[in-house]
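Below is one structure; the comments refer to it alone.
Read-outs throughout are calculated quantities, based only on the coordinates presented, and are distinct from any laboratory measurement. None of the values given here were measured: they were computed from a predicted structure. Positions of Cβ are backbone-derived with ideal geometry, glycine not excepted, and every protein chain shown enters the neighbour counts.
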Amino acid sequence: MKKLLVVLAILFIGILLAGCTSQPAAPVTTPAPTAVPTTVVTTVPPTPEPTKEVIVVVVNKTANVTATPTATLAPVPTYTITFTKDLTIVPGATATVKVGTKVIWSNQDDLKPHSIQANDVQTGAYFGGMSTVEIPYGKTLEVTFDKVGAYDYTTGPFQPQTQGKIVVIA
């Protein structure tokens, strides 16, 4: 057994000596950073893509197509009553018109304004009330009569006052 102990002791010493005879490890150093080479890449602008033209053809294959009538507005009929500079009313202060007609009082007297005034509340509804409506030179007063009836008014004040009437028929 002594031999075994001696062999173990020699092995132990050998292992110790083997570890001591090795060279000490070199200290660890971090390497200095190295420059990364930079590459300049030039880019070429993209070439424009040509515009693509698309043509769409629509074919109506509906059988028995019927045109849909569209309503067209008929022109509004007008009737003009003119105040002249010789103090007359042309064609006259009384007119007979159909429902929906626009009656236009026009002042062509360059010397003075003319006016009209409703004689009753029914007529006043078309003239904006019972007050006198003045029509300066070159201007007009336009009223569209939309109800059957007789509408009395008076002209004035710079010409002889005249009684006028608009008779509206169907």
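Key figures for this structure:
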quantity: Test: residue in segment 154-170 that is farther than 13 Å from residue 94 by Cβ and touching a Pro at 6+ places or on another chain (Cβ under 8 Å); calculated: yes
quantity: Condition met for residue 82 (in contact with a strand residue (DSSP E or B) (Cβ under 7 Å, 6 or more places away or on another chain) and touching a residue at least 40 places away in the same chain (Cβ under 8 Å)); calculated: no
quantity: Strands (runs of 3 or more DSSP E) wholly inside segment 98-150 that include at least 1 residues being loosely packed, with under 13 Cβ neighbours inside 10 Å; calculated: 140-144
